[in-house]
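Working notes for the structure below.
The values are calculated or read from the model by the stated rules, or taken from the named source; none is laboratory data. Treat the numbers as computed from the prediction; the structure is a model and nothing was measured. Cβ coordinates were reconstructed from backbone atoms using ideal geometry, including for glycine residues, and neighbour counts include every protein chain displayed. Side chains included, ligands, DNA and RNA excluded: accessible areas come from the protein's heavy atoms. Shrake-Rupley method; radii C 1.70, N 1.55, O 1.52, S 1.80 Å.
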Amino acid sequence: MLSADQFGELDTPCIIIDEAIALANIRRLQDHCDAKGLAFRPHIKTHKMVDFARAQMDAGAVGINCQKVDEAAVMADGGLKDILITFNILGAEKLARLRSLAGRVDRLAVTADSATTVAGLSGAFADAERPLEVLVECDTGAGRCGVQSPAEACDLAAIIASSPGLRFGGLMTYPAVGGAAAAAAFMREAVEKLAVAGLDCPVVTTGGSPDMASAAPLGVFTEYRAGTYIYNDRSLVERGACGWQDCALGVLATVVSIPAPGRVVIDAGSKSLTSDLLGLQGFGHVAGSTDTAIVSLSEEHGVLHHGPADNYRIGQRIVVIPNHVCVVSNLFDEAWLMKADGELVRAPVDARGTVS
Ligand SMILES: Cc1ncc(COP(=O)(O)O)c(C=O)c1O
């Protein structure tokens, strides 16, 4: 379990990562997917670190999942060779970067949910040496991107298959939390329709850390993608997906003021913890506390209220387990990594800030 006294006098606020916990999290989900016969493709948007992506590949992942072209480019520079970008990529400038990226990896795939996106991709790859793999993104209940029905998935797959420079790569969904069964039903119907249309569907990929245990028995999926599982966070603990002892990343902060009884102010605000609530009350969990809530944030201050079970003093260091760890790691240029022997090393967050 992360605790502030493991991290000496590091300047705060900073992010700290217990490498042994992260590696155990990598191992656990990879073993689960291996046991269930699912290919595993970690989403690296959570850690954005080449070394962790390599560790995930070494553990048995088939490739990595990125969300953005520039994020993928950093990973490609770091030697990652099989990349799926789960995003509609639009615009000449970005398409040119995608085309250049394709030449630097062994396998590149992207997703699309409209004929407009597909037309742009085809325009960029029509004269490429290798076709670009395009998967159809399906909205199976999350209400974000994605075609709205299995019939639309089949229609878009046919457009991809007949577009110069492209190859239909399969179906992708990012289901709603708790929506694995609905996603499987959608995908099963889509796969049947593709078979009737004579279109081969090599990959049916789904994901999400909250539901990592529930997708495998549903049969239709060939691949699982998860990101948050490497660090875990308060949202996953509160949903019962893991325990506090599985949280590998925390924000180390210092108590800078106790202006009134029961009110404690730390040097980490929304620029360190983000304002993400993910449906929770409060802006993170103070590791080891039982009676403390992070009730408000300004940019550089976090305000904690606590009851008699918890005690604080000015200058004390605390670890906050963030509500949503993926956005927190994108806020820091580097993390402090605690190795198994307790040594602390600086680890650059290589793809931090790559949001286009
Ligand atoms: C398309 C896609 N796939 C996979 C994931 C990984 O989900 P999680 O972080 O819950 O593991 C995400 C997360 O945002 C995503 O957007």
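Given Cα pairs under 8 Å that are at least 6 residues apart, what percent is the relative contact order of segment 1-103? Please report the intermediate quantities before stating the final value.
Working: 86 pairs, mean separation 20.1, N = 103.
Once normalised by length, the contact order is 20 percent.
So how do 291, 341 rank on accessible area, 1.4 Å probe, biggest first, that is with the largest at the start? Show your work: numbers first, answer last.
Values: 291 55, 341 120 Å².
Descending accessible area places them as 341, 291.
Between residue 334 and residues 5 or more places away or on another chain, which pairs have amide H atoms under 5 Å apart, with H built 1.01 Å from N, and which residues are they?
349
Are there any trypsin sites (Lys or Arg not before Pro) in segment 146-239 that are in a DSSP loop and have at most 15 other Cβ atoms within 10 Å? List them by number.
Working: sites: 167, 188, 193, 225, 234, 239; in loops: 239.
Here no loop site has a sparse enough neighbourhood.
Excluding ligands and nucleic acids, what accessible area in Å² is computed for residue 301 using a 1.4 Å probe, to the nearest 10?
Near enough 90 Å² of accessible area.
Once the convex hull of the alpha carbons of segment 38-230 is built, what does its volume come to per residue, in cubic angstrom?
Numbers: hull volume 19.5 nm³, N = 193.
Taking only Cα atoms, segment 38-230 has a hull volume of 101 Å³ per residue.
With the Cα gyration tensor of segment 1-49 in hand, give its eigenvalues times 5 under a square root as the equivalent ellipsoid semi-axes, listed largest first in whole angstrom. Numbers along the way, then the final one.
On the way: eigenvalues 178, 34, 6 Å².
Working from the Cα gyration tensor, I get semi-axes of 30, 13, 5 Å.
How big is the antiparallel share of DSSP beta bridges in the chain, given as a percent to the nearest 5?
Numbers: 27 of 59 bridges.
That works out to approximately 45 percent antiparallel.
Return the subset of 48/193; 36/193; 36/81 for which the Cα-Cα distance in this structure is over 32 Å, preserving the input order. Please list the in-between numbers first.
Numbers: 48/193 37 Å; 36/193 26 Å; 36/81 25 Å.
From the list (48/193; 36/193; 36/81), the Cα-Cα distance tops 32 Å for 48/193.
Heads up, I need the accessible area for residue 81: 1.4 angstrom probe, whole protein in place, Å², nearest 10.
Using a 1.4 Å probe on the heavy atoms, I get roughly 90 Å².
Calculate, in nm to one decimal, what residue 216 and residue 148 gain on full extension: separation in residues at 0.36 nm each, minus their alpha carbon distance. Numbers along the way, then the final one.
Numbers: separation 68, 0.36 × 68 = 24.48 nm, distance 2.31 nm.
Full extension of this stretch gives 22.2 nm more.
So, in nm, how far is label residue 355 from label residue 27 when the simple model puts each one 7 Å beyond its Cα toward the Cβ?
3.6 nm
Heavy atoms only, probe 1.4 angstrom, no DNA, RNA or ligands counted: give me 329, 3 ranked by accessible area, highest first.
On the way: 329 0, 3 40 Å².
My answer, sorted largest first, is 3, 329.
Per-residue counts of other Cβ atoms within 10 Å, averaged by peptide: what ranking do you get for 170-178, 282-290, highest first?
Values: 170-178: 24.2, 282-290: 20.0.
Taking the mean over residues of other Cβ atoms within 10 Å, the ranking is 170-178, 282-290.
Keeping all protein chains in position, work out how much accessible area residue 106 exposes to a 1.4 Å probe, and write it in Å² to the nearest 10.
110 Å²
Taking the Cα atoms only, what angle lies between the long axis of helix 115-125 and the longest principal axis of the chain, rounded to 10 degrees?
The angle comes out at about 80 degrees.
Taking all pairs of distinct Cα atoms, average 1/r, flip it, and tell me the Kirkwood hydrodynamic radius of the chain in Å to one decimal place.
On the way: mean 1/r = 0.0470 Å⁻¹.
For the chain, the Kirkwood estimate is 21.3 Å.
Please work out the C-alpha center-to-center distance from segment 277-356 to segment 224-272 and express it in whole Å.
Answer, in whole Å: 4.
Just by accessible area at a 1.4 angstrom probe, what is the order of 211, 127 from largest to smallest? Show your work: numbers first, answer last.
Working: 211 35, 127 120 Å².
I get 127, 211, largest accessible area first.
Once the Cα atoms of segment 69-183 are picked out, what are the Rg and Dmax in Å?
Rg then Dmax for segment 69-183, in Å: 14.0, 42.
From the phi angles alone, apply the Karplus equation (6.51, -1.76, 1.60; θ = phi - 60°) to segment 289-300 and give each ³J(HN,Hα) in whole Hz, x where the residue is Gly or Pro.
Couplings: 7, 10, 9, 10, 10, 8, 8, 7, 10, 10, 4, 10 Hz.
Could you check which residue among 101, 249, 273 shows the biggest mean-square fluctuation in a GNM of the chain with a 10 Å Cα cutoff?
Largest GNM mean-square fluctuation: 101.
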